[in-house]
Ligand SMILES: Cc1cc2nc3c(=O)[nH]c(=O)nc-3n(C[C@H](O)[C@H](O)[C@H](O)COP(=O)(O)OP(=O)(O)OC[C@H]3O[C@@H](n4cnc5c(N)ncnc54)[C@H](O)[C@@H]3O)c2cc1C
């Protein structure tokens with residue numbers, strides 16, 4: 001029976017891991033978060049589109065200040081190449097600050113439970129336990145291990161029966177996050193307070209305001225988050241990664257990774273391909289970053305004493321704006337089941353039964369949205 005308290009190892013200390021660890025801690029389980037990054041992820045995030053599961057988990061965790069700190073886009077607009085508004089849709093949408101959410105979640109966890117600089121090499125099940133091997137060779141044993149280690153999860157191997165490879169979909173997102181005051185007029189007038197889009201051959205641009213890093217929502221303190229999807233064949237992605245000093249197989253560039261010459265080329269491409277308002281938003285970002293887009297759906301969410309949540313389980317395309325909400329949904333379902341009268345084994349079986357179809361369905365929706373774009 002799981003009414004006994006468990007010691008749970010959570011691999012990955014980003015949103016999926018912190019949602020899970022914070023909920024487990026709140027119901028009395030002992031958690032240890034193992035995060036690869038030595039410095040933590042503070043100030044690494046951008047904006048998140050508010051979704052119901054996100055609001056639900058924040059309410060459960062008592063982090064209502066985060067839910068109140070959203071910035072609302074009052075309408076959606078689509079621009080043409082000249083910058084004229086092709087269509088308007090009065091659909092208000094709230095964007096939350098990733099950074100503020102992250103800090104709030106970290107604050108729920110007790111001191112000493114979040115171990116930065118702890119890179120996990122592998123996980124194996126052993127006699128109703130799950131054993132984590134760290135890169136430094138140490139082994140840690142838990143009642144249960146939750147893999148929240150994202151796109152390039154190593155925990156997947158313990159669950160997914162050799163089916164753990166992502167599939168690159170042939171496009172990337174270039175991204176920027178600039179103080180709103182850095183946007184010159186008339187770009188600011190066109191873009192701020194709105195969710196704006198522009199689509200052309202092999203290119204899809206969008207942008208919206210998010211709160212400041214500490215949740216500031218006042219005018220002048222917010223940040224403009226732009227996301228530029230561009231087609232990039234796999235060979236081009238590998239060449240880019242190598243040019244940035246990364247392994248050819250890398251999937252992302254952090255702010256500062258892009259050499260100045262390549263950043264200038266991106267700004268020049270924006271000037272020749274995008275409406276001026278968006279081109280100026282790209283030019284306003286000194287350190288653009290990149291995420292290659294992949295599809296992945298695990299064949300199962302759990303095996304033995306190991307479960308997956310968030311992107312480790314199912315990678316959904318960012319068009320859905322549902323990745324973090326899905327991770328929140330996984331965490332709530334898993335922790336509710338572990339806190340029920342079911343045995344750990346049965347709780348994980350029900351978790352697999354209930355959450356795999358949800359992940360599959362959001363992944364399919366994201367693929368349909370991607371297919372509808374000329375990327
Ligand atoms: C361009 C873009 C825009 C997005 N916009 C939105 C949005 O608006 N709304 C939304 O809901 N979602 C959005 N998402 C998706 C969202 O960021 C993720 O789906 C969500 O944060 C869930 O992430 P996660 O915690 O599962 O994984 P991640 O955030 O990838 O975290 C994985 C963590 O595990 C750590 N880790 C990895 N390997 C190891 C290891 N071996 N040992 C220890 N630690 C390890 C990493 O350092 C990291 O901290 C977007 C994604 C992209 C790419």
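A few remarks follow.
- Condition met for residue 123 (under 18 Å from residue 306 (Cα atoms), in contact with a helix residue (DSSP H, G or I) (Cβ under 8 Å, 6 or more places away or on another chain), within 14 Å of the ligand (Cβ to nearest atom) and in contact (Cβ under 8 Å) with a residue 40 or more places away in the chain): yes
- Residue that is nearest to the chain's Cα centre (by Cα), among those in the stretch 47-59 that are in contact (Cβ under 8 Å) with a residue 40 or more places away in the chain and surrounded by fewer than 18 Cβ atoms within 10 Å (Cβ to Cβ): 52
- Taking (1) modelled with pLDDT under 95; (2) within 19 Å of the chain's Cα centre (by Cα) in turn, residue 217 satisfies each apart from (2).
- Some residue of the stretch 186-201 being assigned to a loop (DSSP other than H, G, I, E, B), without any contact (Cβ under 8 Å) to a residue 40 or more places away in the chain and not assigned by TED's automatic domain parsing to the domain that holds residue 307: yes
- For the stretch 298-318, the criterion of being more than 30 Å from residue 125 (Cα to Cα) and either within 16 Å of the ligand (Cβ to nearest atom) or out of contact with any strand residue (DSSP E or B) (no Cβ under 6 Å at 6 or more places or on another chain) (or both) is met by at least one residue.
- Residue ID - surrounded by the most Cβ atoms within 10 Å (Cβ to Cβ), chosen from residues in the stretch 146-185 that are assigned to a helix (DSSP H, G or I) and within 16 Å of the ligand (Cβ to nearest atom): 155
- Whichever residue in the stretch 1-39 is within 9 Å of the ligand (Cβ to nearest atom) and under 12 Å from residue 102 (Cα atoms) and, among such residues, is surrounded by the fewest Cβ atoms within 10 Å (Cβ to Cβ): 14
The values are calculated or read from the model by the stated rules, or taken from the named source; none is laboratory data. Note that this is a predicted model, so its numbers are computed, not measured. Glycine also receives a Cβ, built like all others from the backbone with ideal geometry; neighbour counts cover every protein chain displayed.
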